[in-house]
Each structure stands twice: as C-alpha cells, then as structure tokens.
Amino acid sequence: MGIERSGLSRRAMIAQGAALLALLPACTRAAEPAPAPRWQPEEAKAIEAIPYERIEVPGAQAMARWDALRTARPDVWPVIVGGDEDLARIADQMAMTDLPPAATTLAAAAKLAHPKSLWDLRDKEKADWHGYLKAHPELGPEDEDYVADLGDWPAVPPQETGLTVAEDILTRRPYPHAHILLLPTVQSFEVPAYLKWGGWNACPPPEIHVAAMRRWGEDYGAEIVGITGDVINMRVKRRPATREEAISLAREQYAYCADIVDQGVEDIATLAAGLMASDWWYFWWD
C-alpha cells in the first residue's frame, strides 16, 4: 500500500502544532523561570520610602541624563546614586532614625567654617584615640601620628576618574540600571544633608561634608554629580591655578578623605597634580 501524504507542508504542520500546544493548560507546559527580584523585600520597602523623585536610566546614559536634568529641572538637584545595590544602601541609610533631618544638619553646617571645622574634627579624633590608648595600655604603645608623604611631582598626572558611580568598579561596565534622585534643593553642597550621608568610620558627619562642599563650590565651582554608599563624584568648573594652591588643596582633601591617598595615589603631590589636570574629584571611604 502506498503512504497517504497530507496536504499540509512541513511549515504549516509546525505552525499547527505550536497553536495546539498553546491551547494546553498552563500546568501541562514547562513554566518559564520568573526573573529574580532586584531587591530583597526589606530593601524594596526602604527604597519605596525614599521621599524624593527617582529616575531610572541605563548606566551608560546617566551622565547625559544628569546634564539634561540640570537644565530642565532648575528647581531640584539631581544626584546619581549608582546601581540597584547602591540605591538600596542609600535607602537603608536614609531610614536610620538616629540621624538628624536635613534642616538640622544644614543649621549645624551654617555655623561651621571650612577648613577649620575639618581640622578641628581630625584633632579631636586624634586626641580621643590617644586618650583611649592611654586608658588601655594592653593595646601597646601609641603609634606616631601618620602624615602623608608630599612625594615628587609626577611627570604624568594620574588618570582622570570621571563619573564612576554608574558603573561596576571592577569591570568598568555601566550598570544596566542607574538611579538618579531629585533632591528638593538648588544647592549641590546640601546633598549630604538630604541623604543623611556620612558619620561612619573615618567619613566625616553630614554637616562637615556640607561645610566643605559649600567652600569648594565657592572656590572651584565644585558640584556633586554622583554619590553612593561610600563614594562621591564631584565636577569642578575651575582647577587650582598653581602647584602651591593644588598642594594646599590636596592636603585639605587628604584630611577630608585619607583613603584617596593612603589606598590610592600614595602621596600628596600626585593628588595635587591630578587636581590641576582634571575637572573631576573622587572621594572614597573604606
């Protein structure tokens, strides 16, 4: 007997089979895996509680969007707060009830004169540490106070950091999701107050950040562009004009954030050279 052939082509048969499969109950078909949640429930709750407008963009577009927002939204200050994990960390910090509200921090900062307030803070920390060691001789003798080396002026300044908060620090690949918060202020230096930012390890408390950034804004047109849980990216409109000025500023920034030297460029002269060669300032606290 001959084989009876269907009038359907192979393509038509495949299409018909796919249509029949689609009619099967969902329980008889393999379910597609659900995408992993971007945040844990408690993180998502804290993020939802952030009282500021938030915009999400691909990391590669974060800088362009920030520039556009500075023009389109003169009533707020945009700040790039990093990727998903960074946003969760910012949200967690803002949720801490023992940190003062922005108005309290701004009032405290208004009474401070930078850099004197920064030097006073570091002197107090040093005195407190020496007092602690004296009270606990079992910890051993006191170490000599560490002072960063001036170093030699480099033939080539360090590479410009640019915006770092919208990319992975290890791969330098932009985050798939970067977040921009729109803060209810027109002053860049007030950002740490609104984010309740600082006051851990060697990172100064929020009012010290505000006072420092207010002065740097006056002297160099420095503006906060990005901030994560431990990094600040600032962009300046004016660079130090001389080596002497750059070295003085570098010493000031070392007192503000020692890790950029101790775990970064290694000496004051190299940091100063970078300040003269770049419009970007980078701060990181371990």
**Request:** Please find, in a Gaussian network model of the chain (springs between Cα atoms separated by less than 10 Å), the residue of 259, 123, 219 whose mean-square fluctuation is greatest.
**Result:** 123
**Request:** Please report, to two decimal places, log10 I(q)/I(0) for segment 81-127 at q = 0.14, 0.16, 0.26 Å⁻¹ as given by the Debye formula with identical point scatterers on the Cα atoms and no solvent.
**Result:** -0.58, -0.71, -0.88
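Suppose a student asked you for the relative contact order of segment 41-284, using Cα pairs under 8 Å spaced at least 6 residues apart; what percent would you report?
Values: 397 pairs, mean separation 71.8, N = 244.
Averaging sequence separation for qualifying contacts and normalising by length gives 29 percent for segment 41-284.
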**Asked** So which residue, out of 75, 98, 149, gets the largest mean-square fluctuation from a GNM of the chain using Cα contacts under 10 Å as springs?
**Response** 98
**Prompt:** Cα axis of helix 243-256 to longest principal axis of the chain: angle in degrees, 0 to 90, nearest 10?
**Reply:** 70 degrees
**Residue (of 241, 272, 221) at the positive-pole extreme of the chain, dipole from beta-carbon charges** = 221
**Cβ-based exposure ranking for 278, 188, in which fewest neighbours within 10 Å come first** = 278, 188
**Fill in**
Non-local residues with an amide H under 5 Å from the amide H of residue 77, with H modelled 1.01 Å from N and Pro and chain starts lacking one, are 183, 185
**Request:** Considering Cα pairs under 8 angstrom that are at least six residues apart, work out the relative contact order of segment 134-248 and quote it in whole percent.
**Result:** 18 percent
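Can you tell me what the convex hull of the Cα atoms of segment 41-284 projects to on average, as an area in nm²? Kindly include the intermediate steps, with their values, before the conclusion.
On the way: hull surface 60.3 nm².
Mean projected area for segment 41-284: 15.1 nm², to one decimal.
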**Fill in**
Diffing segment 149-156: the Karplus 3J(HN,Hα) column from phi (6.51, -1.76, 1.60, θ = phi - 60°), in whole Hz with x for Gly and Pro, holds 5, 5, x, 9, 5, x, 5, 10
**Message:** For the chain, set up a GNM with springs between Cα atoms under 10 Å and report which of 85, 245, 218 has the largest fluctuation.
**Reply:** 218
**Prompt:** Which far-off residues, 5 or more places away or on another chain, put their amide H under 5 Å from the one on residue 226, with H placed in the peptide plane?
**Reply:** 80, 233
**Asked** Long-range amide H contacts for residue 281: which residues qualify at under 5 Å (H placed 1.01 Å from N, peptide plane, sequence gap of 5 or more or a different chain)?
**Response** 234, 235, 236
**Prompt:** Under the Karplus relation 6.51 cos²θ - 1.76 cosθ + 1.60, θ = phi - 60°, what is the ordered set of whole-Hz ³J(HN,Hα) values for segment 234-242, x standing for Gly and Pro?
**Reply:** 10, 10, 10, 9, 9, 9, x, 8, 10
**Prompt:** Residue-wise, which Karplus ³J(HN,Hα) couplings in Hz belong to segment 92-100, taking 6.51 cos²θ - 1.76 cosθ + 1.60, θ = phi - 60°, and x for glycine or proline?
**Reply:** 5, 5, 5, 7, 5, 7, 8, 9, x
**Asked** Can you put 71, 164 in order, fewest other beta carbons within 10 Å first?
**Response** 71, 164
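Values quoted throughout were computed directly from the atomic coordinates according to the rules given, and no laboratory measurement underlies them. This structure is a prediction, so every number in the text was calculated from the model and none was measured. Neighbour counts run over all protein chains shown; Cβ positions are idealised from the backbone, glycine included.
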